[in-house]
1. Under 13 Å from the Cβ of G79, count the other residues' Cβ atoms, weight Lys and Arg +1, Asp and Glu -1, and hand me the total.
2. Students often check this: by mean Cβ neighbours within 10 Å, which of 103-112, 7-16, 71-80, 32-41 ranks highest, and how do the rest follow?
3. Could you pull out every one of the lysines with an alpha carbon less than 26 Å from that of K122, ignoring same-chain neighbours closer than 8 positions?
4. Can you compute the label reach from Q133? Point 7 Å from Cα along the Cβ direction, backbone N cut-off under 13 Å, restricted to segment 77-104.
5. Rounded to the nearest 0.05, what FRET efficiency do A96 and N28 have when you use their Cβ-Cβ distance and R0 = 30 Å?
6. Would you mind computing, in nm to one decimal, how far apart the modelled labels at N126 and A35 are, each placed 7 Å from Cα along Cα→Cβ?
7. Treat every Asp and Glu Cβ in segment 50-124 as -1 and every Lys and Arg Cβ as +1, leave all other atoms uncharged, and give the resulting dipole magnitude about the Cα centre to the nearest 20 debye.
8. Compute the signed sum of charges (Lys and Arg +1, Asp and Glu -1) over the other residues within less than 15 Å, Cβ to Cβ, of T32.
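Every number in this text was worked out from the coordinates using simple rules, so none of it is lab data. Bear in mind the structure is a predicted one, so any value in this text is a computation, not a measurement. FYI the Cβ positions are ideal-geometry reconstructions off the backbone, even for glycines, and counts take in every protein chain you see.
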Amino acid sequence: WEANPPQITSGVAYGIAENNSYQVARWNGAGTFGAAQYATATLTGNTYQSNDFRAGVVVCCGSDIDGAADYYALYVTLGGDTNKPVFLIRMSNGAATTLWSGSTVYASGDTLSLEFDSGVLKGYRNATLLTTQTDGTPLAAGKPGILLASGSPSSKLIGINDWAGGDVTAGGGGTPVAFTGTVPAQSA
């Protein structure tokens, strides 16, 4: 987790970051990941709010945290009304670069997925391709994980319920790591 871990209530992870901050958590269990990896998650909440409220998935997340973080992220925000803003970013040494942005009709229970293979990133909503982007100087392999921000600890307007991540196999997709299903209880 980054410095302030997400809040977990009834098996759902919610961000507690405020002021447009990102909270990122990456797989920290046994095993390693290759350079080609994916992350997918089911998102909860759909209450109109602002772009400060966001949830999504990350790949190639390095071990640095906070100001030195490196990862790719695909996330949806609760800005907009029916069409929600969605972003694909590259975080490099703590500086965010938007690789793609758009909007999508989003409902609670939708899934977001991000695949990375040989510098090519593919973002999906409910298995429908949203974007394909190429990064000419790709990040080194890290681990998959999640991204959250909810504006305030008590808002719980957008969260992550189910998550899976793993290595991408030939033809796309992959075999998930051992952690799938609801987010486990937070440990101290």
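1. Charge balance in the 13 Å sphere: 0.
2. Result, highest mean first: 71-80, 32-41, 7-16, 103-112.
3. K84, K143
4. 86-92, 96-103
5. 0.85
6. Those two pseudo-labels are separated by 3.5 nm.
7. 160 debye
8. Net local charge, T32 excluded: +1.
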